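**Q** Please find one structure pasted underneath; my questions will follow.
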Amino acid sequence: MAQATTVADAIRAATGRAVELELVETTGDVRQDVPLHVIGGQGVFVKEVQRAVLDGRADLAVHSAKDLPSQPADGLVIAAFCERRNPADALVGADLDSLPDGATVATGSVRRRAQLARVRPDLEFVELRGNIDTRLSKIPDGGAIVMAVAALQILGLTDHIDDELDTETFVPAVGQGCVAVECRIDDADTVSALAAIDHVATRRAVEIERAFLAELGSGCSLPVGAYVRDDVLHTFLADLDTGDAAVDHVRLTADLSTDLESARTAARASRTALG
């Protein structure tokens, strides 16, 4: 709701149009008792919202870009990538170095678990689901929870952060920190309106990250991270069974088509490295 309100305010400011919010509950919202990787991972926070647009109940759908599957939905187009907030992950409850040996860290993300385990193999992990307030109330005794800095930023809760994690070691999820807005591909009026809030630099970065993810395949359930910063694509892919990880840093150019192919090449190399 906070993201949708921000997008609505941006559209009003940029175009003068009236905007109303339509609340849609998704599978990911409803099934909070089941780990995300069990109920399907990508798409569990977006499908019902996309359906509302395809059915004509709404004109546009607001998503966390990291929740969007790498393949676009039939009939929809991502008409705006809003300017990215801080894409980093953060620990709430304690900083990484001060966590005692064997401390418990709560997170529902297999990527975050894999990255933390590489640096601190002694840590124990438990699931974490629910809205932001619910998560902040579930900090394990003597441990920490992992949150996206952007989620805390949009709610004005960054004072809870104990340790912002470095994005080169703890590579964010694809699109993390960005809000993406979809509409019907044949709705030229809404496409035009959303162009007013599309952030060019963010779009370029997230499209490159999404190319990396798309090359891995929609069925990839491995821990994945990809983040473009300062003309470098930082990537992460891990094997949950072995604990092995493929980490890469790809220098980008000024040509988008070349950089998209570089991202796909990096994905193939990472997959090969893990066998």
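The values are calculated or read from the model by the stated rules, or taken from the named source; none is laboratory data. A quick note: this is a predicted structure, and the numbers were derived from the prediction, not measured. When we count neighbours, we look across all protein chains shown, and the Cβ atoms used for this are built from the backbone with ideal geometry, even at glycine.
**Q** From the list 141, 163, exactly one residue is more than 16 Å from residue 108 (Cβ to Cβ) and without any contact (Cβ under 8 Å) to a residue 60 or more places away in the chain. Which is it?
**A** On the way: 163 fails: without any contact (Cβ under 8 Å) to a residue 60 or more places away in the chain.
The conditions single out 141.
**Q** Please go through segment 94-105 and give me each residue that is part of a helix (DSSP H, G or I) and either closer than 29 Å to residue 248 by Cβ or assigned by TED's automatic domain parsing to the domain that holds residue 239 (or both), ordered by number. Let's see the steps before the verdict.
**A** Taking segment 94-105 first, the residues part of a helix (DSSP H, G or I) are 96-98.
Residues satisfying the conditions are 96, 97.
**Q** OK, next. So, in segment 203-226, of the ones that are assigned to a helix (DSSP H, G or I) and hydrophobic (A, V, I, L, M, F, W, C), which residue ends up surrounded by the most Cβ atoms within 10 Å (Cβ to Cβ)?
**A** 212
**Q** Looking only at segment 227-249, filter to residues that are small (Gly, Ala, Ser) and within 14 Å of residue 170 (Cβ to Cβ); which one of those is surrounded by the most Cβ atoms within 10 Å (Cβ to Cβ)?
**A** Step one: filter segment 227-249 for residues small (Gly, Ala, Ser), giving 238, 243, 245-246.
Pick out the ones that are also within 14 Å of residue 170 (Cβ to Cβ) and you get 238, 245.
Working: 238: 24, 245: 20.
Checked segment 227-249; the qualifying residue surrounded by the most Cβ atoms within 10 Å (Cβ to Cβ) is 238.
**Q** State the number of residues belonging to segment 51-69 that are of a type in the set (A, V, I, L, M) and within 10 Å of the chain's Cα centre (by Cα).
**A** Taking segment 51-69 as the starting set, the residues that turn out to be of a type in the set (A, V, I, L, M) are 52-54, 58, 60-62, 65, 68.
With within 10 Å of the chain's Cα centre (by Cα) added as a condition, the list becomes 65, 68.
Residues in segment 51-69 being of a type in the set (A, V, I, L, M) and within 10 Å of the chain's Cα centre (by Cα): 2 in total.
**Q** What is the number of the single condition among (1) over 22 Å from residue 207 (Cβ atoms); (2) not assigned by TED's automatic domain parsing to the domain that holds residue 106 that residue 140 does not meet?
**A** (2)
**Q** So which of 235, 272 ends up being among the hydroxyl-bearing types (Ser, Thr, Tyr) and either under 22 Å from residue 178 (Cβ atoms) or assigned to a loop (DSSP other than H, G, I, E, B) (or both)? Steps first, please.
**A** Values: 272 fails: either under 22 Å from residue 178 (Cβ atoms) or assigned to a loop (DSSP other than H, G, I, E, B) (or both).
Checking each option against the conditions leaves just 235.
**Q** Being surrounded by 19 or more Cβ atoms within 10 Å (Cβ to Cβ), within 20 Å of residue 168 (Cβ to Cβ) and acidic (Asp, Glu) is the requirement here; does residue 95 meet it? I'd like the intermediate steps shown before the answer.
**A** Values: surrounded by 19 or more Cβ atoms within 10 Å (Cβ to Cβ): no; within 20 Å of residue 168 (Cβ to Cβ): yes; acidic (Asp, Glu): yes.
In short, no.
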